[in-house]
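The values are calculated or read from the model by the stated rules, or taken from the named source; none is laboratory data. A quick note: this is a predicted structure, and the numbers were derived from the prediction, not measured. Note that we place each Cβ from the backbone using ideal geometry, even for glycine, and neighbour counts take in every protein chain shown.
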Amino acid sequence: MLEMPPKEPSLPGRIPMEKTNSTQLDGRPLDPRSEPLLLRPAEAARFLAIAPWKLWELTNCREVPAIRIGRALRYPTEDLRAWVAARRAGQS
C-alpha cells in the first residue's frame, strides 16, 4: 500500500498557498473584480499596455509613479490611473 508523504507542519505566521489563491488573509473569499493595490513591473507594463523596457525607461526618468519596498519596485494602481488621466488631459 502506498503511503502519503507527511503533511508539512504549519508554521505560525505562514499562509498556505491554497489560502492565498482564493481567499484573503482573514479567510473571506476574494472579489474577482478587485484589483491589487500594487503591481509588479511586468503587471504594470501590461496594465499600461506598454513594453516592459518602456516602463523601465519611464521609471528611470521618474515620469511614471513607482515606490520601493526594500529592493522591490512596485507601481501603485491608483497612481498609474491618475498618471494616465493627467497625460490624457495634457494631450487635449
Whichever residue in the range 55-74 is of a type in the set (A, V, I, L, M, F, W, C) and not in a strand (DSSP E or B) and, among such residues, is surrounded by the fewest Cβ atoms within 10 Å (Cβ to Cβ): 61
For the range 65-87, enumerate the residues that are more than 16 Å from residue 47 (Cα to Cα) and of a type outside the set (A, V, I, L, M, F, W, C). 68, 70, 71
Residue by residue through the range 31-45, note down the ones that are assigned to a helix (DSSP H, G or I) and loosely packed, with under 14 Cβ neighbours inside 10 Å. 42
Return yes or no: is residue 58 within 15 Å of the chain's Cα centre (by Cα) and at pLDDT 60 or above? no
Can you tell which of 13, 27 is more than 30 Å from residue 85 (Cα to Cα), touching a helix residue (DSSP H, G or I) at 6+ places or on another chain (Cβ under 8 Å) and at pLDDT below 95? 27
Going through the range 42-62 one residue at a time, which ones are small (Gly, Ala, Ser) and either more than 15 Å from residue 77 (Cα to Cα) or in contact with an Asp or Glu (Cβ under 6 Å, 6 or more places away or on another chain) (or both)? 51
